[in-house]
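Student: Here's a structure for you.
The values are calculated or read from the model by the stated rules, or taken from the named source; none is laboratory data. Being a predicted model, the structure only gives us computed values, none of them experimental. Backbone-built Cβ (ideal geometry, glycine too); neighbour counts: all protein chains shown. Accessible surface areas use protein heavy atoms only, side chains included; no ligands, DNA or RNA. Shrake-Rupley method; radii C 1.70, N 1.55, O 1.52, S 1.80 Å.
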Amino acid sequence: MAILNILEFPDSRLRTIAKPVEVVDDEVRQLIDDMFETMYEAPGIGLAASQVNVHKRIVVMDLSEDRSAPMVFINPQFETLTDEMDQYQEGCLSVPGFYENVDRPQRVKINALDRDGKPFEMIAEGLLAVCIQHECDHLNGKLFVDYLSNLKRDRIKKKLEKLHRQNT
C-alpha cells in the first residue's frame, strides 16, 4: 500500500469531473487500499479519488473512531429524500485547517458498487449523509468552500496559497 499525495485547494485538478469506473478489478482495489491508507494517515473520515489526482468515481469513508467501519462507494449516486437541511461544520483534507458550516439535506439514498463491484443501496442520515454528499461533490469538481460566501472562500484561498508558497 502507499500514501498518496492529496491535492490542496486551489489546485485546478480538484475541479476535474471524475469518470465512472468501467470494471472493478485488482487495480481499482489497490487504489481503494491506497486511498484508505492515505485517508487514515491524514487523518480524515472520507476521501474521493479526485483528491489524490485519480479522476475515477471512487470514494472511501470510515466514520468510526477506531477505523473499524471502512466503506467503499464506486460510481456513487445519491438522491435527496427530504427538504429538511442540517448544518454541519465541514472540513476537508484538500482544504487543510479550515472548518465552515455548510447546509445539506438530512437524508439521502445512495446507490453504488462495493469494492467487489456488487451494487448496493443505502439510506443515509446525519454525518454519513453529509459525508456522502461532500465526497460526491469532489467527484463532480466541487469543494465545500463553493458553498461559502465569496469573501470567505477568497480568504481561505489566499491563506492556503501563502502556505503553499512558504512550503516550496
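Student: Kindly work out what percent of the DSSP beta bridges joining two residues of region 12-167 are antiparallel, to the nearest 5.
Tutor: Taking every DSSP beta bridge within region 12-167, about 95 percent pair in antiparallel fashion.
Student: As a test of the formula, what do you get for the chain when each DSSP H run with n ≥ 4 contributes -39,500 (n - 2.57) and the sum is divided by the residue count, at 222 nm and rounded to the nearest 500 deg cm²/dmol?
Tutor: Calculated at 222 nm, the ellipticity per residue is -9000 deg cm²/dmol.
Student: Within a Cβ distance under 13 Å of P105, other residues only, what is the Lys/Arg minus Asp/Glu net charge?
Tutor: Once all neighbours under 13 Å are counted, the net charge is -4.
Student: Can you give the local net charge around Q166? Use residues other than it whose beta-carbon is closer than 14 angstrom to its beta-carbon, Lys and Arg +1, Asp and Glu -1.
Tutor: Working: positive: K158, K159, K162, R165; negative: E8, E161.
Around Q166, the surrounding residues sum to +2.
Student: What FRET efficiency would be calculated for the residue pair T82, I17, taking the C-beta separation as r and a Förster radius of 22 Å, to the nearest 0.05?
Tutor: Approximately 0.25, to the nearest 0.05.
Student: Then there's this: Solvent-accessible area of F120, probe 1.4 Å, all protein chains present, reported in Å² to the nearest ten, please.
Tutor: F120 has an accessible surface of roughly 60 Å² with all protein chains in place.
Student: Considering only lysines 8 or more places apart in sequence, or on different chains, count the pairs in the chain whose C-alpha atoms sit under 15 Å apart.
Tutor: Numbers: K19/K56; K19/K142; K56/K142; K142/K157.
Going through the chain pair by pair, I get 4.
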